[in-house]
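Colleague: Below is a structure I'd like to ask you about.
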Amino acid sequence: MSFLGNWRRGGAPQFDNGGASYVVKLTKRDPVVSLTKQGAASGNLRVNLSWQMRTTDFAEFAGKRQSLWRHPGRIFKPEVVQAQGPAVVKIDLDLACMYELKDGTKGVVQPLGNFLGEINSPPYIQLSGDDRFGSGSGETLYINLDHQDEFKRLLIFVYIYDGTPAFDRTHAIITLYPSSGPRVEIGLDERAPQARSCAVFMLENVKGELTVRREVKYVYGFQAELDRLYGWGLQWGRGYKSQV
C-alpha cells in the first residue's frame, strides 16, 4: 500500500519534533550532526522546505530614506504603487533528493516528472507535494530511516523551477524533524544571485552511522550540474510540471 493510501486511511506515521525544545543549526563552522548519536536514526525523518518571497530589499529602503533626507517635501507626496516591477520577485522553489542505495540503485525524487517516490518500498523516500507559492507549510520530504541500512547517500537539494533566479531574495530554511531528538536547521542565507540550484545537505550511512552534513553549494544550472558536482551518474532530460 502506498504512503498516500495509508494517509487517507488515517494510518500514516505520526510526525512531531521529537519533543525537543532546542534546535541544532548546521553552519560552516559546525557542518555535521550524527543522527545515530542523537538517537534519531529510526522512524520517519521529515524534511521541510519553507521560504518567503521578499518584495523589497534593505538597499531599496535605504535609498528611499536617503531620498527623503535630501528632499523632505516628498514625505507629503503619495508614493506611486506599481503592480509589477523590479522589487516584485516570483520564485518557485522545489525540494528534491538524489539517492543512491547500497545495492547500486540510483534515482531522484522531485516534482518534475512526477517522481514522488515511495515511503514503504524503495527508495523509501516520498515527497508530499509541490508548493509553488511559498506558503507557511512549504514542501516536505519523508525519509523512512527504518530502512537506513539500504541507504548509501542521499543528497537533498533545492532548485528554482520557474521565475527569477534569486536565492539571495528568499528566506529559505530546510528543517529536519527526526522521530526523536532535536530538529536540525540549515539556512540558505548565502548570496548567490544567479544560482538556479543549491545542494543543501548530504545524508550518509557510513559503517552503520547515519550523519547529516551541511553542503549549501550553489550552482548556476539544474540537476545535471549538481549530478556532475557529486558524481551521481544519472541521465537527465528536460522536464515539466503539470499545470495547476
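Colleague: How would you order 23-34, 200-211 from highest to lowest mean count of nearby Cβ atoms within 10 Å? Walk me through the numbers on the way to the answer.
Modeller: Working: 23-34: 13.4, 200-211: 17.2.
Going by the mean number of other Cβ atoms within 10 Å, highest first, we get 200-211, 23-34.
Colleague: Under the Karplus relation 6.51 cos²θ - 1.76 cosθ + 1.60, θ = phi - 60°, what is the ordered set of whole-Hz ³J(HN,Hα) values for region 215-222, x standing for Gly and Pro?
Modeller: With coefficients 6.51, -1.76 and 1.60, one gets 10, 6, 10, 8, 10, 9, x, 10 Hz.
Colleague: Oh, and also: Filter 28/106; 37/102; 37/207 down to the pairs with a C-alpha to C-alpha distance above 24 Å, please. Mind showing how you got there, number by number?
Modeller: Values: 28/106 28 Å; 37/102 22 Å; 37/207 13 Å.
Distance filter (> 24 Å) returns 28/106.
Colleague: Next question, about the same structure. P(r) for region 139-210, please, calculated from all Cα pair distances in 10 Å bins and given in %.
Modeller: For region 139-210, the binned pair fractions read 16, 44, 28, 13, 0 percent.
Colleague: Here's something else I'd like to know. Can you compute the FRET efficiency between residue 236 and residue 168 using 1/(1 + (r/R0)^6), with r the Cβ-Cβ distance and R0 = 22 Å? Round to the nearest 0.05. Could you put the intermediate results ahead of the total?
Modeller: On the way: r = 26 Å, r/R0 = 1.17.
Efficiency at R0 = 22 Å is approximately 0.30.
Taken together, the values in this text are just the output of simple stated rules run on the coordinates, not laboratory data. The model shown is predicted, which means the values in this text are computed figures rather than measured ones. When we count neighbours, we look across all protein chains shown, and the Cβ atoms used for this are built from the backbone with ideal geometry, even at glycine.
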